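Student: After the structure tokens below, expect a handful of questions from me.
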Amino acid sequence: MKNLKRGTIEVISVIFLLMLMMTTNIGTFEGLASGQSAKEPQVWTDRENNIKILFTYSPGNPVINTPTKLRFSVDNLQTGNHLKNLLATVIIINNSSGQTKIFKFKNITAPTGNFSVEYLPPELGIYQVIARINSTNPSLIALASFKVIVTLETSFSNIILTGIAILVIFGGAAYLVILVKRNQAKKNHLRHDR
């Protein structure tokens, strides 16, 4: 009987440690993601073409399978005025699953120097957003690169559901381990009685 109690305590300890590791890892990824801020624009400066490209996105913490608006603003580096009549291409690259995925938005017109696209990120990870800007007045072709980190939804109800699922899985596993230990103890007890 002492072995059974010791085994149960070991199982519960392992389950507790696994849950602790899982919540710590989730917190670490959330902390990494919170280091980025959509409120402050990412800036790409091209001194050769005398332009500055500002990039923001919303929502501030992009979530998988939720539309994310990517906004660009192209300014003259010296005057701060928007460049006019631009043609842009936006390429989004993700390699989170080990397979490179590329999505392109082509022929985006930006008569005022501002443009945006809406993207639905299909998985977690870091996305590279590349913008190619073409202009005829002044004549230029510029490339800029930005990053967006996409996370899991962290609403309170989603966290509760995830916690319940984890508890059910580990509770079921603990119950099975206890049943196996009891059966082993009964078999050992029957062998000793003979």
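Student: So for segment 1-20 (the condition being modelled with pLDDT of 90 or more and farther than 21 Å from GLU153 by Cβ), does at least one residue qualify? If you could, list the steps in order and put the result at the bottom.
Tutor: Within segment 1-20, the first condition is being modelled with pLDDT of 90 or more, and the residues that meet it are none.
There is no residue in segment 1-20 that is modelled with pLDDT of 90 or more and farther than 21 Å from GLU153 by Cβ.
Student: Within segment 142-163, how many residues turn out to be surrounded by 11 or more Cβ atoms within 10 Å (Cβ to Cβ) and either at pLDDT 80 or above or not polar (S, T, N, Q) (or both)?
Tutor: Number satisfying all stated conditions: 15.
Student: Still on this model: Out of segment 67-79, which residues are in a loop (DSSP other than H, G, I, E, B) and among the aliphatic types (A, V, I, L, M)?
Tutor: Correct list: LEU77 only.
Student: Still on this structure, please answer the following. For segment 79-90, state whether one or more residues are at pLDDT below 95, among the β-branched types (Val, Ile, Thr) and loosely packed, with under 15 Cβ neighbours inside 10 Å.
Tutor: Yes - at least one qualifying residue is present in segment 79-90.
Student: If GLU48 satisfies all but one of (1) of a type outside the set (S, T, N, Q); (2) outside any strand (DSSP E or B); (3) in contact with a strand residue (DSSP E or B) (Cβ under 8 Å, 6 or more places away or on another chain), what's the number of the condition it fails?
Tutor: Condition (3) is where GLU48 drops out.
Student: Turning to a different aspect of this structure: When only residues in segment 95-110 that are farther than 27 Å from SER73 by Cβ and either not assigned by TED's automatic domain parsing to the domain that holds GLN128 or not β-branched (Val, Ile, Thr) (or both) count, which is surrounded by the fewest Cβ atoms within 10 Å (Cβ to Cβ)?
Tutor: The initial filter retains those residues of segment 95-110 that are farther than 27 Å from SER73 by Cβ, namely 95-100.
Restricting the remaining residues to those that are either not assigned by TED's automatic domain parsing to the domain that holds GLN128 or not β-branched (Val, Ile, Thr) (or both) gives 95-99.
Working: ASN95: 13, SER96: 16, SER97: 11, GLY98: 5, GLN99: 7.
Only one residue fits best here, namely GLY98.
The values are calculated or read from the model by the stated rules, or taken from the named source; none is laboratory data. These figures come from a predicted structure and were not determined experimentally. Glycine also receives a Cβ, built like all others from the backbone with ideal geometry; neighbour counts cover every protein chain displayed.
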